[in-house]
């Protein structure tokens, strides 16, 4: 099958390089000239920590002209703010019976389905992290795999075929409840990615602070309450992390300490230790002058909470602070997280 990877940032670069290394027919599309030049000249390069050899790149496009043949699978690995434009530009190059695969955090499958139709959309929930220290150089910062599924249908032969290819990167599971998996991941990303952006540091360093863990619990709690009101059945993340258990109860939200709270803080400490090298891709986007994806994370929780009457004050405050950082009004520091914590106390 002919594969096009749209977006060659951290996740897209690791995916494209890995699939190319398997000998698959992989082309990439990037609007970043520096990345395009690096891939053409030196291929996909990986840091020593990633333990992957350099892979010569296949066709590298900066635009898709009429001379480019259709693709059976288009993997969308852009940041969420660019996903709809990417889908629109690539739609005419999707072969009949093919599919676009959303690697973004958030609920992007619904947006892409409005462009190419639900039958042409597959969701790939990513459970690992990566960064791009320089154009064309990729660093995988944590282990993990993928969960694949469709919005309103069971996994089919194409989903299975794509999943088998992605097993070169990490373990793949298939789901009949993509919405539940997406909402669980949304709750986590709205905490980890957004707080990582505000704090300006890697996850391991941030999760050592009790007030950061408390903010994370509050962000996820609001997401769980909105999902519950929407009658979404949440799935455990990576088969183990239970968001419904992790969400604060009313009594826990009103107190500063209890055995159950200690357990929840302990779990977040463990997550911080496991993914200690994880750096927010949203922060990297801001540093590159791109808009942050916060409206696709915390913004989705806020917007849908307003629709169903569930208050989301912590997510709303976090969303506003990320935009303040993006506009240059405040720096991304540990102090900014402390200010967010103080501002959101009842």
Residue among 345, 338 that is at pLDDT below 95, farther than 29 Å from residue 102 by Cβ and over 23 Å from the mean Cα position of the chain (by Cα): 345
Give me the residue from the range 130-146 that is farther than 20 Å from residue 56 by Cα and in a loop (DSSP other than H, G, I, E, B) and, out of that set, modelled with the highest pLDDT. 145
Look at the range 147-168 and say how many of its residues are touching a strand residue (DSSP E or B) at 6+ places or on another chain (Cβ under 8 Å), over 30 Å from residue 230 (Cα atoms) and modelled with pLDDT under 95. 0
Set 115, 122: member being in contact with a strand residue (DSSP E or B) (Cβ under 9 Å, 6 or more places away or on another chain), on the phi < 0 side of the Ramachandran plot and either in contact (Cβ under 8 Å) with a residue 40 or more places away in the chain or not in a helix (DSSP H, G or I) (or both): 122
Elements of type helices (runs of 4 or more DSSP H) contained in the range 200-267, each with 3 or more residues being in contact (Cβ under 8 Å) with a residue 24 or more places away in the chain: 203-206, 210-229
Pull up the range 65-79, narrow it to residues that are at pLDDT 95 or above and buried (at least 19 other Cβ atoms within 10 Å of the Cβ), then point me to the one that is farthest from residue 22 (Cα to Cα). 78
Against the condition surrounded by fewer than 22 Cβ atoms within 10 Å (Cβ to Cβ), within 16 Å of residue 162 (Cα to Cα) and at pLDDT 95 or above, how does residue 120 come out, does it pass? yes
Looking at the structure I just gave you, is residue 20 in the same structural domain as residue 157 (by TED's automatic domain parsing) and assigned to a loop (DSSP other than H, G, I, E, B)? no
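The values are calculated or read from the model by the stated rules, or taken from the named source; none is laboratory data. Keep in mind it's a predicted model, so treat the numbers as computed, not measured. Please note: Cβ atoms are built from the backbone with ideal geometry, for glycine as well, and neighbour counts cover all protein chains shown.
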